[in-house]
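Colleague: The structure under discussion is supplied below as structure tokens; questions concerning it will follow.
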Amino acid sequence: MTVRTRLLCLKRNPLIRRSDRLEAVLLIGAVLLALVAIPFAAAAGSEAYAGGVRRAAEEAAARQEVTAVLVADAPPVQVRLDGVPLTEKVEAVARWTVPGGPVREGVVTVEAGSPGGGEVRIWLDAKGHAVEAPATVDDAKTFGVGVGTGLWLGWITLLATVFLACRSALGRGRAAAWEREWRRVSQDWTVA
């Protein structure tokens with residue numbers, strides 16, 4: 001009998017209980033369900049990637065990059081006691097000209113300690129307000145991989161939880177059967 005055959009409890013052996021065979025079937029089923037879920041997780045990740053690419057294209061078309069001038073010095077870098085900087089980016093007031101429109105002033109994110117009068121590149125929406133840079137294709141890739149991987153790992157976690165709960169129940173049943181058998185044997189031994 002090979003090791004694989006013994007592990008799967010496929011041979012006729014009087015020492016292999018029905019619960020052992022059931023546990024082997026549950027394990028095989030969980031592994032098969034995990035493998036079957038891979039294409040579904042990949043499809044979900046692919047769809048998330050495609051949506052991210054569409055979003056990146058829409059944002060790139062709706063936003064434009066301009067140069068803004070800082071009105072005052074940006075707050076300095078805050079440093080922990082051990083000398084490690086807490087933040088590298090801070091908010092500061094800047095002024096920019098909307099292409100074909102008025103001069104605006106608002107809060108933008110810049111490098112900590114940037115001097116007043118310094119130029120920074122910012123992104124504007126269609127109304128001329130400062131917004132975050134548009135999403136990129138790399139962001140879409142990261143999101144798609146994250147969605148696919150997250151879904152598959154969530155499914156694996158659910159399968160493992162169900163398998164372990166069933167295995168625990170089978171173990172309790174086996175322990176109870178052992179207890180009943182030992183009680184019966186101990187009565188036979190005391191009578192003899």
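A short reminder: the numbers here are calculations on the coordinates, not readings from a lab. On a predicted model such as this, the values are computed, not experimentally measured, just so you know. Cβ placement follows ideal geometry from the backbone for every residue including glycine, while neighbour counts extend to all protein chains displayed.
Colleague: For a quick check: with amide H placed at 1.01 Å from N, whose amide H comes under 5 Å from Val131's, ignoring anything fewer than 5 positions away on the same chain?
Modeller: The answer is Trp123, Leu124, Asp125.
Colleague: Moving to a separate point now. Order 28-37, 137-146, 179-188 from most to least packed using the mean count of other Cβ atoms within 10 Å.
Modeller: The most tightly packed comes first, giving 137-146, 28-37, 179-188.
Colleague: Each residue of segment 75-91 in order: what ³J(HN,Hα) in whole Hz does its phi give by Karplus 6.51 cos²θ - 1.76 cosθ + 1.60, θ = phi - 60°, with x for Gly and Pro?
Modeller: x, x, 5, 8, 10, 6, 4, 8, x, 7, x, 7, 9, 9, 10, 9, 9
Colleague: Here is a further query. Using the Karplus curve 6.51 cos²θ - 1.76 cosθ + 1.60 with θ = phi - 60°, what ³J(HN,Hα) values do you get for each residue of segment 151-159, in whole Hz, with x for Gly and Pro?
Modeller: 5, 5, 5, x, 5, 4, 4, 4, 4
Colleague: Enumerate the amide H contacts of Gly113 below 5 Å, restricted to partners 5 or more residues apart or on another chain; note that Pro and chain-start residues carry no placed amide H.
Modeller: Ala74, Val77
Colleague: Relative contact order of segment 67-192, please, whole-number percent, based on alpha carbon pairs below 8 angstrom and at least 6 residues apart.
Modeller: That works out to 20 percent.
Colleague: Mind checking Rg over Rh on the chain, alpha carbons, Kirkwood formula for Rh?
Modeller: Values: Rg = 32.1 Å, Rh = 23.4 Å.
In the chain, Rg relative to Rh is 1.37.
Colleague: Enumerate the calculated ³J(HN,Hα) couplings along segment 140-149 in order (Karplus 6.51 cos²θ - 1.76 cosθ + 1.60, θ = phi - 60°), each rounded to whole Hz, writing x wherever the residue is Gly or Pro.
Modeller: Whole-Hz 3J(HN,Hα) from phi for segment 140-149: 5, 4, 4, 5, x, 5, x, 5, x, 5.
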